[in-house]
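Input: a single structure, listed below in structure tokens.
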Amino acid sequence: MKKILLTVWLTALAALAQAQLYDPSAFDKKYDGLLKHPGVQIESAEAINLMYNYKFYDADKEFRWLRVRYPKHPMPYFLMGLAEWWKIVPNTDITDYDTQCLAYMDTTITMAEKLYDDNENKLEPAFFLAAAYAFKGRLYSERKKWAKATFAGKNALKYFEKCKGNADFSPELLFGDGMYNYYAQWIPENYPLLKPILMFFPKGNKQNGIKELEKTANSAFYTRVEARYFLVQIYSMENQYDKAYDMSKYMNEQYPDNPFFERYFARSAFVTGRLAEAERLSKDILAKVDRTQAGYEGVSGRTAAYILAYVNHLFYKNIPQAKIYYQKAIDFAKQTNATNAGYYWSSVLGLAKIAMEEKNYDLAQSYFNEVIDKAERKSSQYKEAKKAMDEAKKSRREERRKRKD
């Protein structure tokens, strides 16, 4: 009897302690919306971390629980759509997840519109409307569906404007400001053909955008990782490679099975001369590609293979291994339809240089010709191949002259 009473007493005490730590109904009454709701952050934190670490099955179970818990709120659908987007991230040419991603974003929009109409607090639904339209715009732009991308972008901007200047309500709202400020200036600088479309949009400011994204990356909850995802790329585009290295290293430590962050970590380590670290990461990436781990495929493979080829060729002077990795990088590039990109040209150029070192001038010339035919004329690979081709022809003539003598 004493044991039974003790068990009941301990169970009641545990239940009381749990209620004191987190009573969902008490939290729901206190907070107007979910963005600032600490209980929701507690409930969703594990699921979000699972998603960013590419454990999608486990994350989906948690997101579905949130959908049961908050059946009339757009947040669970937005997070489920975000998971579909991250399945696309490692190789944006893959279209397998497009339909589901767009469906979740459309449901987010439908539910957020109702919330917007029914609630006095317009900021939270405006945030989800802006975010869902922005992700639709991102996906449509990847598919070069410019009319749909522009329509989604205009809707996203409309709701971002409603969120603007309200970062004191939630730091999540600053994410849109940062994204818009940076890319509204960057896009016309890099894609002049899109300037006519952007004439109807307010001007951006890249430096302000970076500062706003950095603030989001340090203070937001739901958009923190998204801000860091963009900052890693922005730092690289702005030639701030040490910052890209620090950010991608930190994110790889947080999410070691995220292929995007590991790829950028390897790449930024390589660019900043941390070759031992780049080599270790590249071997890890290729091992994950070989065992078909979620998210690890040809795009990550070609980056890793090229780094290992370069290290073996120019650092270890291990020519047989260098040849293997250059060929792997070429094969991955072909597999991902990326024969018009730098890693492909550089890998072919690497094999050409090895052929020159081995005095196989005919083979070297065929490799140089391929780079000259396929690389952009302004690229360093094209210029190097053009110059090396002249040297190869000269070496062949000298070799023939020696044979005659």
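The values are calculated or read from the model by the stated rules, or taken from the named source; none is laboratory data. Keep in mind it's a predicted model, so treat the numbers as computed, not measured. We place every Cβ from the backbone using ideal geometry, glycine too, and count neighbours over all the protein chains shown. Protein only, heavy atoms only, side chains kept; ligands, DNA and RNA dropped before computing areas. Shrake-Rupley method; radii C 1.70, N 1.55, O 1.52, S 1.80 Å.
Kirkwood Rh over alpha-carbon pairs of region 340-405, then Stokes-Einstein at 10 °C and 1.306 mPa s: what D in µm² s⁻¹, rounded to an integer?
Translational D for this selection: 134 µm²/s.
Pairwise Cα distances in the chain exceed 34 Å in 41 percent of cases.
The slack between E120 and Q233, meaning 0.36 nm per residue of separation minus the straight C-alpha distance, is 36.9 nm. If you stretched the chain out fully between E253 and T272, how much longer would it get, using 0.36 nm times the residue separation minus the C-alpha to C-alpha distance? Taking E253 through T272 to full extension adds about 5.0 nm, to one decimal. Per residue, the average separation of C-alpha pairs within less than 8 Å and at least 6 apart gives the chain a relative contact order of 8 percent. In this Cβ point-charge picture (+1 for Lys and Arg, -1 for Asp and Glu), region 37-163 has a dipole of about 360 debye about its Cα centre. Remark on region 64-180: hydrodynamic radius 14.4 angstrom, per the Kirkwood mean of 1/r across alpha carbon pairs.
Compared with the rule-of-thumb size 2.2 N^0.38 Å for a compact globular protein, region 219-306 has a Cα radius of gyration ratio of 1.04.
Using +1 on the beta carbon of Lys and Arg, -1 on that of Asp and Glu, and nothing else charged, what's the dipole of region 261-405 about the Cα centre, debye to 20? Display every interim value, and only then the final one.
On the way: 29 positive and 19 negative charges, 110 e Å.
Computed about the Cα centre, the dipole is about 520 debye.
The spacing between region 330-390 and region 46-81, judged by their C-alpha centroids, is 45 Å.
Taking the Cα centre of each part, how many Å lie between region 91-155 and region 257-274? With region 91-155 and region 257-274 each reduced to a Cα centre, they are spaced 30 Å. Calculated accessible area for the chain comes out at 52 Å² per residue, all protein chains present (probe 1.4 Å; ligands, DNA, RNA ignored).
So for region 116-190, taking the charge dipole from beta-carbon charges (+1 Lys/Arg, -1 Asp/Glu), which of A152, Y180, N166 sits furthest toward the positive end? Of the candidates, A152 comes out farthest on the positive side.
Ligands, DNA and RNA left out, the 1.4 Å accessible surface of the chain is 53% carbon and sulfur atoms.
Its Cα centre serving as origin, the chain has a Cβ charge dipole (Lys and Arg +1, Asp and Glu -1) of approximately 1420 debye.
State, to one decimal in nm², a quarter of the convex hull surface area for the C-alpha atoms of region 233-284, i.e. the direction-averaged projected area. Provide the component values of the computation, followed by the final result.
Details: hull surface 12.1 nm².
Averaged projected hull area, Cα only: 3.0 nm².
Other residues within the sphere of radius under 13 Å centred on the Cβ of K249, judged by their own Cβ, net out at +1 (K and R +1, D and E -1).
Averaging 1/r over each pair of different alpha-carbon atoms in region 146-263 and inverting the result gives 15.1 Å, the Kirkwood hydrodynamic radius. Taking the Cα centre of the chain as the origin and placing charges on Cβ (Lys, Arg +1; Asp, Glu -1), which of Q240, A130, V40 is farthest toward the positive end of the dipole? Sorting the options by dipole projection puts first Q240.
Please work out how much length the chain gains when fully extended from K203 to T95, using 0.36 nm per residue of separation minus the C-alpha to C-alpha distance, in nm with one decimal.
Values: separation 108, 0.36 × 108 = 38.88 nm, distance 3.19 nm.
Net length gain for the segment: 35.7 nm.
FRET efficiency for the W186 to W65 pair, using the beta carbon distance and R₀ = 60 Å, is estimated at 0.95.
In the neighborhood of I354, defined by Cβ-to-Cβ distances under 13 Å, what is the net charge if each Lys or Arg adds +1 and each Asp or Glu adds -1? Mind showing how you got there, number by number?
Numbers: positive: K317, K323, K353, K359; negative: E357, E358.
Within the 13 Å Cβ shell, the charges total +2.
With the biggest extent put first, the Cα atoms of region 291-405 measure 60, 31, 20 Å across the principal axes.
Counting only alpha carbon atoms, the long axis of helix 38-52 and the longest principal axis of the chain meet at about 20°. Near I330: Cβ cut-off under 13 Å, other residues only, Lys/Arg at +1 and Asp/Glu at -1. The net charge is +3. As a calculated quantity, the FRET efficiency between N360 and D284 at R0 = 30 Å, using C-beta atoms, amounts to about 0.35.
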